[in-house]
Amino acid sequence: DFLCLPQPSLEGAILVRLLVHFCLFTLCLVEVQIAATVASSSFKHFAAAGWLAKVLPYSWVLAGILVYLDFFTLPDKTIVLADGQVTGAAPVVACVMGGCFLMTVVLYSLSVLHLTRTSCNSQVIWEASFQALAYPTNFLVTVFPTWLTHMAVVKDHGYGVHHTVSAVCLYSNGWVNALTYSWQSWAIGQRGTGGIVSLDASLLEDAGAIAFQVH
């Protein structure tokens with residue numbers, strides 16, 4: 001919620017927070033959807049992968065429902081600073097962030113676990129593990145500082161190290177994921193073969209699922 005405003009009213013500040021939280025909810029839900037698609041493809045559940053691709057646009061609908069729930073918690077949590085910055089805890093956002101992160105870790109881990117049951121050698125499994133867990137790691141690094149604020153573990157005063165780090169990390173999530181995907185695609189092309197990422201990219205194409213390309 002690190003926005004600088006000309007001393008808005010409490011109602012205006014809540015509206016701004018709701019808009020920002022809507023984007024955060026959508027980001028978290030899409031991360032889970034991508035992880036679920038990769039896991040489904042790893043287990044060769046092509047129908048499930050295709051279905052997940054089709055329901056991707058409905059992430060916005062679920063995000064809207066979460067915003068509605070979020071609305072009832074914000075009046076007591078929103079802080080408007082003297083310089084117009086809007087901040088404060090947000091328990092609904094914190095719960096969604098934490099829950100989505102845990103789900104992505106579980107889903108990607110299942111994908112890697114399934115790979116260990118195949119005839120792949122240890123080098124391929126290690127590379128696949130690194131590739132698959134890169135995205136939840138990105139999610140943790142870029143979103144965790146903001147999660148601390150929403151959980152009221154750390155107070156954001158509109159300035160200081162935590163405020164700056166949180167803002168930079170959160171706004172970096174998109175391009176960090178894009179760089180990760182570009183790097184992995186380049187690495188796979190250089191090797192001519194790969195582990196879970198290259199395998200799932202082909203499976204997703206067969207399933208008609210487009211979610212993997214979102215990163």
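Scanning the range 131-176 for residues being in contact with a strand residue (DSSP E or B) (Cβ under 9 Å, 6 or more places away or on another chain) and not in a loop (DSSP other than H, G, I, E, B) gives a total of 3.
Applying the condition of being of a type in the set (Gly, Ala, Ser) and part of a helix (DSSP H, G or I) to the range 118-130 and asking which residue is most open to solvent (accessible area, probe 1.4 Å) yields Ser122. Considering each residue of the range 70-83 in turn, at least one proves to be open to solvent by 30 Å² or more (accessible area, probe 1.4 Å) and part of a helix (DSSP H, G or I).
Within the range 146-161, residues that are under 15 Å from Arg17 (Cβ atoms) have Cβ atoms under 6 Å from residues that are modelled with pLDDT under 80 in these pairs: Thr146/Leu170; Thr149/Asp156; Asp156/Thr87; Asp156/His163; Gly158/Leu81; Gly158/Gln85, counting only partners at least 6 apart in sequence or on another chain.
Here is a yes/no grid of residues against (1) of a type in the set (A, V, I, L, M); (2) within 26 Å of His163 (Cβ to Cβ):
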{"site": "Phe22", "(1), (2)": "no, yes"}
{"site": "His45", "(1), (2)": "no, no"}
{"site": "Leu56", "(1), (2)": "yes, no"}
{"site": "Trp60", "(1), (2)": "no, no"}
{"site": "Ala63", "(1), (2)": "yes, yes"}
{"site": "Tyr68", "(1), (2)": "no, no"}
{"site": "Lys77", "(1), (2)": "no, yes"}
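Out of the residues in the range 11-31 that are under 11 Å from Val96 (Cα atoms) and crowded, with 20+ Cβ neighbours inside 10 Å, state the one that is farthest from the chain's Cα centre (by Cα). Give the steps one after another, and end with the answer.
Of the residues in the range 11-31, the ones under 11 Å from Val96 (Cα atoms) are 21, 24-29.
If we keep only those that are crowded, with 20+ Cβ neighbours inside 10 Å too, we end up with 21, 24-25, 27-29.
Numbers: His21: 13, Leu24: 8, Phe25: 9, Leu27: 5, Cys28: 4, Leu29: 7 Å.
It comes out as His21.
Counting the residues of the range 23-72 that are modelled with pLDDT of 90 or more and among the basic types (Lys, Arg) gives 0. Restricting attention to the range 1-10 and to residues that are more than 20 Å from the chain's Cα centre (by Cα) and not in a helix (DSSP H, G or I), the residue that is modelled with the highest pLDDT turns out to be Ser9. Among the residues of the range 86-117, those that are open to solvent by 50 Å² or more (accessible area, probe 1.4 Å), modelled with pLDDT under 85 and assigned to a helix (DSSP H, G or I) comprise Leu113, His114, Thr116.
The values are calculated or read from the model by the stated rules, or taken from the named source; none is laboratory data. Just so you know, these numbers come straight off a predicted model, no measurement behind them. Because the Cβ atoms are built from the backbone with ideal geometry, glycine has one as well, and the counts that use them run over all protein chains shown. For accessibility, only protein heavy atoms count, side chains too; no ligands or nucleic acids. Shrake-Rupley method; radii C 1.70, N 1.55, O 1.52, S 1.80 Å.
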